[in-house]
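Data block below; observations after.
Coordinate-derived values only; no laboratory data. Owing to the predicted nature of the structure, the values given are computational and were not obtained by experimental measurement. Here the Cβ positions follow ideal geometry from the backbone for every residue, glycine too, while neighbour counts run over all protein chains shown.
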Ligand code: CP
């Protein structure tokens, strides 16, 4: 353990509310590390920027205007875990705003392979870029990165967490809630809705971040449906209890609760986190999949979501059902991520005033 490890261990002992101040600058969101950082005002602001970006980008003149907004900034995508959507949507989001991007997608091509510490590698990345977007298998790596740059260097560039181990994926939650708000636009928005989350809730970082984000909405109910070994962990459950968000647990079969949900959020089994190869395959997940025969139990105005990638949790025959929202959800990621970057760089007024 070096001195930075010791200091970071001390930092981690702070209450969450106090730790989060480290990720702000001048009272504004600076790093995007965990969903608990977001309040309703920030969320609504990001969605307003998102809607403006989409609208302005419809025209060539509008696209060129937006490409001028951050054309003097560079972003680095440090993605050492596999990703299609998060990587490509962030890369595209940067380009929408005119940012130049560089990337490392495999530690074997970084000098970490020559024995450089992660902290030194991170400081090196920050020397060449104005924003680091990262996905890492380490649960605390994004948090440590932001803490290190903000407290121990004179080049604190923002860090955006694109997925930290099995812990959190806050920008996925931002795009998920954007999709839900749009889907329920004619039904009063997300407030008052019942969200059913299904699959590997124990190790699924998307459902964890989405659950944390629910503190910002009124009269939400959550149903957690999973086989017993993949139940939602205690930390998220206690958080929901603290914020008085009712949740119900279903461990027998998805079909038992389908009719109760306004939104059905399916996820895959996260077997990359198995301790021994094949652990997950010993769990019977067959009753936690959505099949065409189940669709008669799904409410007429419900939405079906999935962060993707999917395996067989949602039968492809359901893709053409008007309630299937997952392909739109995926595309919403690019726009909400562009809006988040504009918000972090505090250039969103230019977009809103266009
Ligand atoms: N939803 C999501 O994080 O997808 P990728 O793993 O493809 O980035």
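Placing a label point 7 Å from the Cα of residue 352 along the Cα-to-Cβ line, the residues of the stretch 29-68 whose backbone N sits under 13 Å from it are 41-53. Projected onto planes of every orientation and averaged, the convex hull of the alpha-carbon atoms in the stretch 20-87 covers 6.6 nm². Residues of the stretch 336-354 with an amide N closer than 17 Å to a point placed 7 Å from the Cα of residue 61 along the Cα-to-Cβ direction: 351-354.
Based on the Kirkwood approach, the hydrodynamic radius assigned to the stretch 243-354 is 16.8 Å, with every pair of different Cα atoms included. For the chain, a Kirkwood radius taken over Cα pairs fed into Stokes-Einstein (4 °C, viscosity 1.567 mPa s) yields D = 62 µm²/s. Placing a label point 7 Å from the Cα of residue 17 along the Cα-to-Cβ direction, none of the residues of the stretch 220-260 has a backbone N under 12 Å of that point.
One chain, two ends: residue 9 and residue 84. Fully extended at 0.36 nm per residue, the span grows by 23.8 nm beyond their Cα-Cα distance. With contributions of -39500 (n - 2.57) from each DSSP H run of at least four residues, the per-residue ellipticity at 222 nm computed over the chain stands at -11000 deg cm²/dmol. Note on 279, 140: ascending count of other Cβ atoms within 10 Å places them as 279, 140, the fewest first. Between the helical axis of 3-12 and the longest alpha-carbon principal axis of the chain there is an angle of about 40 degrees. The packing ranking of peptides 339-345, 153-159, 68-74, highest mean first, is 339-345, 153-159, 68-74, where packing means the average number of other beta carbon atoms within 10 angstrom of each residue. Residue separation of residue 279 and residue 243 scaled by 0.36 nm, minus their Cα-Cα distance, works out to 9.6 nm of gained length.
The angle separating the long axis of helix 118-128 from the principal Cα axis of greatest extent in the chain is about 70 degrees. Between 0 and 90 degrees, the angle of helix 85-96 with respect to the longest Cα principal axis of the chain falls at about 50 degrees.
Of 94, 22, 198, the residue with the greatest mean-square motion in the GNM of the chain, using alpha carbon springs below 10 Å, is 22. Treating each Cα of the stretch 111-260 as one equal point scatterer and applying the Debye formula with no solvent, the log10 of I(q)/I(0) at q = 0.08, 0.12, 0.20 Å⁻¹ comes out as -0.30, -0.62, -1.18. With the chain treated as a Gaussian network of Cα nodes joined by springs under 10 Å, which of 146, 300, 253 yields the largest mean-square fluctuation? Evaluated over the chain, the most mobile residue of the options is 300.
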